[in-house]
Structure formats: structure tokens, C-alpha cells
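Asks: One structure coming up, written as C-alpha cells, with questions to follow.
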Amino acid sequence: QSKAAIHAEVRETLVGSSLGRQLYLERKCTGLPAPLHHQAKWISKQELVDKRGRFTREGADDYCPVHWKLHDELVVCPKNKALKFVVDIDDELLVACGEECKWDLSSNPKYYMDAKPLPDDLPALLSREEAAVVPEDQLECKGYCPVTFFDGPEKQENGALLPIQTALRKPEKDEEQDHHQQHIRVWVVAYAGAKYRMLDEAKTDRFMRTPWKFRGLQLPVKLPFEKEKVDINALPLVGYLEQTVVDGVTDGLLSVGKACPRFPGIGNKESALKYLALYLRATNPKNSPVASRLYAEAFDRYRQACELLTRGCSGPTLPAALPLGHELVEQFVQAKQVGPQEYVKG
């Protein structure tokens, strides 16, 4: 940063601190809730700890009194070094989870201060290191996500419910070895002397807000079969293909049968093979985002070129001949001259 930018940043910080201090002192003198935004320079860390209000447990997080009063939800307030969401009410420091809740708390402090006490048991999200050493047999619900089980099975298109076993879900074991998706051990919450493992971050947030809803769930007698990790390289050829490419090839063949591609200037067999190759390349899940976009564009151009020969063939009669110079005729001639190799190159 330049000297001017640093000077402007320091000046803005000092002005904000001075104005915030004036507002804080004015509201304290009149007995009104006083915001502590930009007051970190005038209050010690020990004072912040000693004056924490009734919605903070020692050694735990701050819970939003607005959500607790209105919705009976334990919403953890974000940490903020500038004390942006902290309000001083009668020498008791309360923390809101956002600007809107802070405004509600300051507007009607007596209403939210009159909320019922926090429950004795509060949920605690375990760190990655702590969750990694939790044995599988010590997880409640046998390691299944209690939130998905509480929500129940999804409905089919005809309105019928799927079996209850479909609501029993847990993170895939393969994700345990993935550095970017360590969900299998990360989302573990300790609550009321038990440990629960959630499917993802969204389910964890729901559990942390109302953990008492998901306590004491009774699993069905019949549980889903556990998926065991298989060494793909040790499988025979047929098993290897079933575990790796069969789904992609099946989808590709179905797409070929539905499209019946015919590229200008080449036969049906070669058109179908190139269509299948381009489809598999475009839908490869290991592609990078840039490669996925480029391969998808190449496949789409090839598919559009193949559709030139299917113009208006859905009815019982053949379509009328197009005159020379027509846009479709020009596209057909150009595709025939270029050939399918250009599309294969991407």
C-alpha cells in the first residue's frame, strides 16, 4: 500500500473509534443500550470476559438472545475483533449474530433480557483432530446422520414415500482419504454426553441450533448394508469395468441411441463412435473446470452438426428441399469440409 492509503486507513480507524466512543458514552449516560463497536481500545480483555451476559457460557460461544427468544434456536454469534455486534445493557455485555439482531436487541432490550435461561447441555462442534479419534462404535445412531433420519425419506413422483432406510445416510468412506473433503470426521458434535456425526455443514448447523430435536431417535430394525471399500486394482476385468466406467458408458450409449447422430459426410457407425467419445470426454468427472467447459462446447458443436441431417424428419413426410445459399445448407457444407476431426480436437 502507498503512504496515502495507509494514512487514510489509519485516519478512518481513529475517526470511527472516536465517534464510537462518543456514542457509547452518550448512551451509557442516558441508560440506553450502548454498542461497543470500535471500543476495543478502551476495554480490556478481562473486562470483556467478566461482563459477558447470561447468553454466554464460560469457555463456550456467545449465543444470540434474539434467536433464542423468538425461535428457541441456539445461534452462535460470529467472532469480531472490532466488537461489531456487542451491546452493553446495564453493564452486561450481550452479543448478537448480525446487524439486524443487534438493532432488535438495542431497540427492546428488556424483552430479550427476559428470555428463558440457556439449557444446561449445549452442543459443541469437535475440532478435526478431536473428531478423528472418536471410535465408530461411540457415535450415536450408529454413525448415521440424525438430521437426515429426522427429516425422513423423500417422496417419489407419485407421492409415495421411499423406505425409511433411504433416510439413513452417513459420509462416504472414500472421503476420509480426500484432503479437500474430510467430511467423514469433521462434522462431529458432542451433546449431552453423546457424539453425533452429521452428513455435511448444513446438517451440522441445524443440529447445533436445536440439538434436543435429534436426541433419542430410534433406528429401524433393518439397517442399510454397509458399503465396504473395494480395491479396484484387485478386481477381475469385468468387475473393474463395473466399478469404473460402466455408468458413464451406459449413459453415453443411451444418449447415442436417443440422438441417432449422423455427421455430414461420414457413416452412421463412425458418427456414433465419435459422438460417444465426445460425450465421455465431456462428462468425465475428473476434468478441470476449464477442460469441462471446452469439451462440453466441442460436444455441443458436434451434436448440432449431426442434427443438420435430422431437420423436420419427425413427421411421416420428408421435408422440403432447401435452396442453395440457405443457412442450413451452408452449415452442412462447412461441416462436411471441416470434418469431424476438428470437433474431436476440441
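Asks: Helix 268-282: angle to the longest alpha-carbon principal axis of the chain, degrees 0 to 90, nearest 10?
Replies: 10
Asks: How many Å² of accessible area per residue for region 1-124, probe 1.4 Å?
Replies: It amounts to 63 Å² per residue over region 1-124.
Asks: From the gyration tensor of the Cα coordinates in the chain, what semi-axes in whole Å does the equivalent ellipsoid have, largest first, with each one equal to sqrt(5λ)?
Replies: On the way: eigenvalues 685, 210, 83 Å².
Equivalent ellipsoid semi-axes, largest first: 59, 32, 20 Å.
Asks: I've got another one for you. Net charge within 14 Å of Gly193 by Cβ-Cβ distance, Lys/Arg positive one each and Asp/Glu negative one each, not counting Gly193 itself?
Replies: Values: positive: Lys195, Arg215; negative: Asp120, Asp121, Glu140.
Taking every other residue near Gly193 into account, the sum is -1.
Asks: Between Glu228 and Arg54, with labels modelled 7 Å along Cα→Cβ, what's the label distance in nm to one decimal, could you check?
Replies: Placing both labels 7 Å beyond Cα along the Cβ direction yields 5.7 nm.
Asks: If each residue of separation counts as 0.36 nm, what is the full-extension length gain between Ala259 and Asp137 once their alpha-carbon separation is subtracted? Intermediate results must be reported in sequence, preceding the final value.
Replies: Details: separation 122, 0.36 × 122 = 43.92 nm, distance 5.05 nm.
The Ala259-Asp137 span can extend by a further 38.9 nm.
Asks: While we're here: Springs between alpha-carbon atoms under 10 Å, Gaussian network over the chain: tell me which of Glu73, Glu130, Glu330 tops the mean-square fluctuations.
Replies: Glu330
Asks: Relative contact order (percent) for the chain, with alpha-carbon contacts under 8 angstrom and 6 or more residues of separation? Don't jump to the answer; show the numbers that get you there.
Replies: Working: 398 pairs, mean separation 35.3, N = 346.
The value is 10 percent.
Asks: So how tilted is helix 3-29 from the main axis of the chain? Cα-based, degrees 0 to 90, rounded to 10.
Replies: Helix 3-29 and the main axis of the chain meet at about 50 degrees.
Asks: Let me ask you something else. Pick from Val133, Val15, Val290: which residue has the top mean-square fluctuation in a GNM of the chain where Cα pairs under 10 Å get a spring?
Replies: For the chain, modelled as a Gaussian network with Cα springs under 10 Å, the answer is Val290.
Asks: Could you state the angle between the C-alpha long axis of helix 327-338 and the longest principal axis of the C-alpha atoms of the chain, as a value from 0 to 90 degrees rounded to the nearest 10?
Replies: Compared with the principal axis, the helix lies near 80 degrees.
Asks: Another one. Using a 1.4 Å probe and ignoring any ligands, DNA or RNA, find the accessible area of Glu307 and quote it in Å² to the nearest 10.
Replies: The value for Glu307 is about 90 Å².
Asks: Just Thr56, Thr204, Thr283 to compare: in a GNM of the chain, with alpha carbon springs under 10 Å, which one fluctuates most?
Replies: Thr283
Asks: How far apart, in nm, are two points set 7 Å out from the Cα along the Cα-to-Cβ line at Trp212 and at Leu32?
Replies: 3.6
Asks: About the Cα centre, and with charges only on the beta carbon of Lys, Arg (+1) and Asp, Glu (-1), how big is the dipole of the chain? Nearest 20 debye, please. Write out the running numbers ahead of the final one.
Replies: Working: 47 positive and 49 negative charges, 116 e Å.
Roughly 560 debye, rounded to the nearest 20.
Asks: Normalized C-alpha radius of gyration of region 1-142, against 2.2 N^0.38 Å? Don't skip to the end; give the middle numbers.
Replies: Details: Rg = 18.6 Å, N = 142, 2.2 N^0.38 = 14.5 Å.
Computed over Cα atoms of region 1-142, the ratio equals 1.29.
Asks: If Lys and Arg each add +1 and Asp and Glu each add -1, what is the summed charge of the other residues whose beta carbon sits under 12 Å from the beta carbon of Asp61?
Replies: Here the count lands on +1.
Asks: May I ask you to derive the FRET efficiency for Ser18 and Ala192 from their Cβ-Cβ distance with R0 = 41 Å, giving the value to the nearest 0.05? Don't skip to the answer; put the middle values down first.
Replies: Working: r = 47 Å, r/R0 = 1.15.
E(calc), rounded to 0.05, equals 0.30.
Asks: Another one. What ranking of Glu154, Glu9 comes out by heavy-atom accessible area, probe 1.4 Å, highest first?
Replies: On the way: Glu154 135, Glu9 100 Å².
Correct descending sequence by accessible area is Glu154, Glu9.
Asks: Here is a further query. How high is the relative contact order of region 193-312, given as a whole-number percent (alpha carbon pairs under 8 Å, six or more residues apart)?
Replies: Working: 55 pairs, mean separation 23.6, N = 120.
Reported relative contact order: 20 percent.
Asks: Hey, which of these cross-link pairs are over 32 Å Cα-Cα: Lys45/Lys69; Lys69/Lys195; Lys102/Lys142; Lys155/Lys258; Lys110/Lys170; Lys79/Lys155? Provide the component values of the computation, followed by the final result.
Replies: On the way: Lys45/Lys69 28 Å; Lys69/Lys195 27 Å; Lys102/Lys142 40 Å; Lys155/Lys258 28 Å; Lys110/Lys170 43 Å; Lys79/Lys155 40 Å.
Over 32 Å apart, Cα to Cα: Lys102/Lys142; Lys110/Lys170; Lys79/Lys155.
Asks: Further, regarding this structure: Enumerate the residues in region 214-257 having an amide nitrogen under 18 Å from the point lying 7 Å beyond the Cα of Asn287 toward its Cβ.
Replies: 245-256
The values are calculated or read from the model by the stated rules, or taken from the named source; none is laboratory data. In this text the structure is predicted, and so the values were computed from the model without any measurement. Ideal geometry is used to build each Cβ from the backbone, glycine not excepted, and the neighbour counts take in all protein chains shown. Just the protein is used for accessible areas: all its heavy atoms, side chains included, with ligands, DNA and RNA removed. Shrake-Rupley method; radii C 1.70, N 1.55, O 1.52, S 1.80 Å.
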